[in-house]
Amino acid sequence: MSVGGFDSALDYLTGEILEGNVAPGERLPNERELALQLGASRSAVREAIKVLQAQGVVTSQTGPRGGTRVATGQGVALARVLRLHVALGAISFDEVTSTRVVLERAAAEAAAHSIDDDGVRLLQGIVAEMQSTEGVEEFNELDTRFHVTIALLGANRLVRDLTIAIREAVAARILEGERESDWEPLRTRLNEEHAGILEALRMRDGRLATERCEAHIRGAHRAIFG
């Protein structure tokens, strides 16, 4: 098969993934094999792989068990794209927040139906850490972990990945706003709201969890950004 240079190599690799010929977690052929198969130079194949790496579509590791594999989750890649769109003004922060409400409501409902005792304990540990954490940066990292963990506990992978992407995309902006806020009262409020969300999930009450998630996100947005 002879398809040419960089663009063709990229199109071929993308097509293989889209058509399901290479599954998530599966290793791609090495550069030499791909170059021979495509009739392209190894540098063209290498650059195509680098583009897919930058997009978060594939990951590469060295060593005998390494190689280039199709990524198993797209949250990080989607977050990178969203951050760029927000920075460029293509999407407003308010739009991202409204979308986050929709997704996190869905994530909370899914988590309420699928959470087990281990999941409850995991969230309890994060909430306990937040309650004992006074620093803004550390709290923000735990806050992000709390919301991402709820998304991970749900069974819907698309909702999970989009929720993770949006939360990761807004984390830095939230941190900036928290630094400029009246932090101690805000920290107390956020801790109470996180504990309330956790309690709803512990009771497996999807309706209550979604309502508390939405109130928390919208309330925090108003408190931080006015």
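Key figures
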read-out	value
First in segment 210-226 and touching a residue at least 24 places away in the same chain (Cβ under 8 Å), second anywhere and open to solvent by 60 Å² or more (accessible area, probe 1.4 Å) and in a helix (DSSP H, G or I), Cβ under 6 Å, 6 or more apart	Thr210/Arg105; Thr210/Glu109; Cys213/Arg105; Glu214/Arg105
From Val170, Val159, Val127, residue being in contact (Cβ under 8 Å) with a residue 60 or more places away in the chain and either among the aromatic types (Phe, Trp, Tyr) or within 24 Å of Ser92 (Cα to Cα) (or both)	Val170
Residue count, segment 13-65 (criterion: under 26 Å from Leu84 (Cβ atoms), part of a loop (DSSP other than H, G, I, E, B) and touching a helix residue (DSSP H, G or I) at 6+ places or on another chain (Cβ under 6 Å))	2
Among the candidates Val120, Val81, residue that is in a helix (DSSP H, G or I) and closer than 30 Å to Ala9 by Cα	Val81
Selection within segment 185-202 - touching a residue at least 12 places away in the same chain (Cβ under 8 Å) and open to solvent by 60 Å² or more (accessible area, probe 1.4 Å)	Arg189, Arg202
Filter result for Arg189 (more than 23 Å from Asp116 (Cβ to Cβ), at pLDDT 80 or above and among the basic types (Lys, Arg))	yes
Candidates Val102, Val86 - the one that is in a helix (DSSP H, G or I), in contact (Cβ under 8 Å) with a residue 60 or more places away in the chain, open to solvent by 30 Å² or more (accessible area, probe 1.4 Å) and within 30 Å of His194 (Cβ to Cβ)	Val86
Residue identified as more than 13 Å from the chain's Cα centre (by Cα) and outside any helix (DSSP H, G or I) among Ala155, Ala128	Ala155
All positions within segment 98-129 that are among the charged types (D, E, K, R) and out of contact with any Ser or Thr (no Cβ under 9 Å at 6 or more places or on another chain)	Asp116, Asp117, Asp118, Arg121, Glu129
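The values are calculated or read from the model by the stated rules, or taken from the named source; none is laboratory data. Values in this document were obtained by computation on a predicted structure and should not be read as measured data. FYI the Cβ positions are ideal-geometry reconstructions off the backbone, even for glycines, and counts take in every protein chain you see. Calculation scope for accessible area: heavy atoms of the full protein, side chains included, ligands and nucleic acids excluded. Shrake-Rupley method; radii C 1.70, N 1.55, O 1.52, S 1.80 Å.
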